[in-house]
Amino acid sequence: MSVLTVSRPAARTQAEPSALRRFFKHPWLMHHNRLAAFVLLVNVVFLPGVSPQSMANLVLGNLALAILVRQQYVINLLFRLATSVPTSWPLKLRWTLGKVYHFGGLHVGGALAGTLWFVAYVVSLLGSPPTATSVVAYVLVGLLVGISVTAAPPFRARFHDTFEKIHRFGGWAALVLFWVHTVLGGSVVGIVVLAVVTFSVALPWLRLRRVPVHLSRPSSHVVLARFDHGVTPFSGSSTAISRRPLLEWHSFANVPAPDEHGFRLTISRAGDWTGSFIDDLPSHVWVKGITTAGVANIETLFTRVIYVATGSGIGPCLPHLLAQKVPARLVWATRNPRLTYGDELVDEIFAVQPDALVWDTSAHGKPDMVALAYEAYRDFDAEAVICISNKKLTWQVVSGMERRGIPAYGAIWDS
């Protein structure tokens, strides 16, 4: 284990955040939820005097927002725009731009608003003689409500595989029904919007292919997957892989090495799918779409950063540590790192992070990651903290740092 030497610069002091700041840094008020609320509030403006035709247009507009903001090219564009500002800009502004990965709030807000508008549209049809258009609308509203209900966090967390299937196949069915409804209604604008949305949905699947993968298993807990099928992704991106492309997809952080073709994925045992993957060691997997930017890409907004990781969270951190675009310090807690991940990977980490703190939980128990993160932040004179861990600990670290007035970032499990 490497020991992190602590020396606190006398010139650096951390002001105690106000009660108002601590309130707004609560996880319930994260930017994801604020964006969802913003979309809903914008839709409220259209309530007075809205007509059935206006409702139909609002449905398509909101659902188009929900779908397009999840498009891989759009995601990469959002990250590129947000991270294009120089580090000379005020920290508060860069802090906010770093929350770009909360764009999923636009997806949630658009999906909810579109569904609610469609419910209102169907209610406006009640009492009128049934037509082909209204019958399609009745079926479609039931489908949209079902998709929305099963996408709620409690259901999604407990039955994620079921949620994924309902979201995918239900979404495709809804898209077909929207085409039927729009063509029957003769809306030219609606047809144009649907054409754009359909292309966006289809685009990743047009790049679907089965590729070879070379696997090494340093322990029964983890497998290192190496790909070299003509793609060398950028640092901080992720790749979705599948063994059954119509049923389930799992995203992992790409680990490209400088001046080498291809990339690696670090896959840890964290459920049935990863468990069977590690045990079976398949020779090929399916990939689709393009590599997509992830949360740690916001590092370039800051002069110095702290990476906090637990277990296989080292995977998303490693490409940034190897690229060395931004001065960084690593804090990694994991059980028996060399036995679990192999000497080669651990030596690779120490080669670029000789001062890293690697906490062996099998020898020293679970540490206080918030305290370690804050200590490293002060010692390294960093501007921000990036945490890659499980949901509970990520939110503890991010919330703990931000309530101290420190920019902090981590996955928000919004998909």
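Every number here is computed from the coordinates shown, using simple stated rules; none is lab data. None of these values were measured; they are calculated from a predicted model. Using ideal geometry, Cβ is built from the backbone for each residue, glycine included, and neighbour counts are taken over all protein chains shown.
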(message) Tell me the volume per residue, in Å³, of the convex hull enclosing the alpha carbons of the stretch 152-308.
(response) 172
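Above 26 angstrom, tally the Cα pairs of the stretch 25-206 and express them as a % of all pairs, no decimals. Walk me through the intermediate numbers first.
Working: 5991 of 16471 pairs.
The proportion of pairs with Cα distances above 26 Å equals 36 percent.
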(request) May I ask what percent, to the nearest 5, of DSSP beta bridges between residues of the chain are antiparallel? (result) 55
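On alpha carbon coordinates alone, what is the Rg over Rh value for the chain, Rh being the Kirkwood radius?
Ratio value, two decimals: 1.00.
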(message) Assuming 0.36 nm per residue, please report the length gained on full extension of the stretch I290 to R304 beyond their Cα-Cα distance.
(response) 2.1 nm
(request) Have a look at G275, V295, T96 and report the one farthest towards the positive end of the charge dipole of the chain, computed about the Cα centre with Cβ charges (Lys/Arg +1, Asp/Glu -1). (result) T96
(message) Can you tell me which lysines have their Cα less than 23 Å from the Cα of K288? Leave out same-chain residues fewer than eight positions away.
(response) K165
(message) Let's test the formula: R0 of 30 Å, r as the Cβ-Cβ distance of V85 and R210. What FRET efficiency results, to the nearest 0.05?
(response) 0.15
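Using a Förster distance of 30 Å, how high is the FRET efficiency between R226 and F199, based on the Cβ-Cβ distance and rounded to 0.05?
Values: r = 33 Å, r/R0 = 1.10.
The pair R226/F199 has a calculated efficiency of 0.35.
Please report, in debye to the nearest 20, how large the charge dipole of the stretch 209-293 is about its Cα centre when each Lys and Arg carries +1 at its beta carbon and each Asp and Glu carries -1 there.
Details: 9 positive and 7 negative charges, 38 e Å.
For this selection, approximately 180 debye.
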(request) With a cut-off of 17 Å, note down the residues of the stretch 42-67 whose backbone N falls inside the zone around a label point 7 Å from the Cα of H167 toward its beta carbon. (result) 63-67
(message) If I build a Gaussian network model for the chain, linking alpha-carbon pairs within less than 10 angstrom, which residue out of F350, F380, F46 has the largest mean-square fluctuation?
(response) F46
(request) With a 10 Å radius around each residue's Cβ, average the other Cβ atoms per peptide and rank 38-45, 342-349, highest first. (result) 342-349, 38-45
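Which values, in whole Å and largest first, are the semi-axes of the equivalent ellipsoid of the stretch 209-293 obtained as the square root of 5 times each eigenvalue of the Cα gyration tensor? Please report the intermediate quantities before stating the final value.
On the way: eigenvalues 73, 46, 27 Å².
So the equivalent ellipsoid measures 19, 15, 12 Å along its semi-axes.
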(message) Can you compute the modelled spin-label distance between L41 and D355, with each label point 7 Å from Cα toward Cβ, in nm?
(response) 4.3
(request) Using the Karplus curve 6.51 cos²θ - 1.76 cosθ + 1.60 with θ = phi - 60°, work out ³J(HN,Hα) for each residue of the stretch 330-335 in order, rounded to whole Hz, and write x for Gly and Pro. (result) 9, 10, 10, 10, 7, 7
(request) Only residues of the stretch 165-185 count here: report those whose backbone N is under 11 Å from the spot 7 Å along Cα→Cβ of L126, or say none. (result) none
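In deg cm²/dmol and to the nearest 500, what is the mean residue ellipticity at 222 nm of the chain if only DSSP H runs of at least 4 residues count, each as -39500 (n - 2.57), divided by the residue total?
Values: 17 runs with 209 residues, N = 415.
One gets -15500 deg cm²/dmol as the mean residue ellipticity at 222 nm.
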(request) Find the centroid of the Cα atoms in the stretch 117-176 and in the stretch 249-276, then give the distance between the two in whole Å. (result) 34
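Provide, as a two-decimal number, the C-alpha radius of gyration of the stretch 131-174 over 2.2 N^0.38 Å, N being how many residues it has. Can you show the working numbers first?
Values: Rg = 11.9 Å, N = 44, 2.2 N^0.38 = 9.3 Å.
Here the Cα radius of gyration is 1.28 times the empirical estimate.
Take the Cα radius of gyration of the stretch 250-323 and divide it by 2.2 N^0.38 Å, with N its residue count; two decimals is plenty.
On the way: Rg = 14.0 Å, N = 74, 2.2 N^0.38 = 11.3 Å.
Dividing the Cα radius of gyration by 2.2 N^0.38 Å gives 1.24.
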(request) Would you work out the charge dipole size for the chain about its Cα centre, treating the Cβ of every Lys and Arg as +1 and the Cβ of every Asp and Glu as -1, and quote it to the nearest 20 debye? (result) 680
(request) Please sort 223-231, 405-413 by packing, taking for each peptide the average over its residues of neighbouring beta carbons within 10 angstrom, highest first. (result) 405-413, 223-231
(request) Only residues of the stretch 116-152 count here: report those whose backbone N is under 18 Å from the spot 7 Å along Cα→Cβ of V176, or say none. (result) 133, 135-147
(request) First select every other residue whose beta carbon is under 14 angstrom from the beta carbon of G105; then total the charges, Lys and Arg +1, Asp and Glu -1. (result) +2
(message) Is the C-alpha gyration tensor of the stretch 298-410 telling us rounded, prolate or oblate? Criteria: a/c under 1.5 is rounded; beyond that, a/b larger than b/c is prolate, otherwise oblate.
(response) oblate
(request) Using a Gaussian network model of the chain whose springs link C-alpha atoms within less than 10 Å, name the residue from T162, T292, T310 with the highest mean-square fluctuation. (result) T162
